[in-house]
1. Out of curiosity, is residue 159 among the aliphatic types (A, V, I, L, M) and assigned to a helix (DSSP H, G or I)?
2. Search segment 104-116 for residues that are closer than 22 Å to residue 179 by Cα and pair each with any residue that is modelled with pLDDT under 95 and acidic (Asp, Glu) when their beta-carbon atoms are under 8 Å apart and the residues are at least 6 apart or on different chains.
3. Any chance you could count how many residues in segment 37-89 are aliphatic (A, V, I, L, M), more than 19 Å from the chain's Cα centre (by Cα) and not in a helix (DSSP H, G or I)?
4. Within the group 48, 56, 11, which residue is open to solvent by less than 50 Å² (accessible area, probe 1.4 Å), out of contact with any Gly (no Cβ under 9 Å at 6 or more places or on another chain) and among the β-branched types (Val, Ile, Thr)?
5. For the subset of segment 105-134 comprising residues that are over 16 Å from the mean Cα position of the chain (by Cα) and closer than 12 Å to residue 7 by Cα, which member is surrounded by the most Cβ atoms within 10 Å (Cβ to Cβ)?
6. Go through segment 191-226 residue by residue and tally those that are open to solvent by 40 Å² or more (accessible area, probe 1.4 Å) and more than 25 Å from residue 109 (Cα to Cα).
7. Just to be sure I understand, how many residues within segment 137-159 are open to solvent by 50 Å² or more (accessible area, probe 1.4 Å) and farther than 17 Å from residue 58 by Cα?
8. Which pairs turn up if I take residues in segment 67-94 that are among the polar types (S, T, N, Q) and look for partners that are surrounded by 12 or more Cβ atoms within 10 Å (Cβ to Cβ) and in a helix (DSSP H, G or I) with beta carbon separation below 7 Å, at least 6 apart in sequence or on another chain?
Amino acid sequence: MKVPRVIAFDVNETLLDMSSLDAVFERAFGSAAVRAEWFALMLQLTFVGGLTGRYVDFPSAQRAALSMLAGARGIALDDDVAETLGDGMRRLAPHPDAARALTRLADAGFALAALTNSPLDVARAQLEHAGLAGRFAAIRSADEVRALKPRPEPYRLVAETFGVPVADVRLVAAHAWDVSGALAAGCAAAFVRRAGKVPSPIGDQPDIAGSDLDEVADRIIEIDGRR
């Protein structure tokens, strides 16, 4: 049986560290912990859009989630908060293990892709700033097919980009919903157990999970390197 050879990486939180945004939420809401609430609410808005057939792009969901959090707390946000947050998303630092794992997988002969729900211009800016863009054979955005992960279209987009069956794509992500989406679309998947991240106990399970990208890369080379 042919094993996955295209490794597609989620970007936000999987490759890039979002903790630099904490200062924005500390200033606006008085607590850096609101960042996690904002990100979860943003995802909820995009998921509802997908379920109801009304596409919601990531930047619109980010701004809407920010407004909802402020409204729930009775806070009047300064006009520049959303802009500062958007700029910050483009300037996230990479996790320390990101470049190392990407290099090892590329050296092992795998084709690498980035697959994100952020618009393509944002994704490219993020990965350029993080010094990772040149490590990918392709950078793709779910926005290109107007269907955000975990819908199947973005995962199929990666397969189409490389001219391979979707079963020959393996997604690497620190989000349970992303892993579940990839598996449902017919991909293989690997879960990265970043701090506070756990896989879903429901449905199909990834055959690879690791505490960081180094461990995940080791397992991918071990499992998918067998031909």
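The values are calculated or read from the model by the stated rules, or taken from the named source; none is laboratory data. Bear in mind the structure is a predicted one, so any value in this text is a computation, not a measurement. Ideal geometry is used to build each Cβ from the backbone, glycine not excepted, and the neighbour counts take in all protein chains shown. The protein model used for the area step is the full one, side chains on, heavy atoms only, and it has no ligands, DNA or RNA in it. Shrake-Rupley method; radii C 1.70, N 1.55, O 1.52, S 1.80 Å.
1. So residue 159 passes the test.
2. From segment 104-116, the pairs are 110/224.
3. Qualifying residue count for the region: 3.
4. Just a single option satisfies the conditions, and that option is 11.
5. 105
6. 10
7. Qualifying residue count, segment 137-159: 2.
8. 84/24
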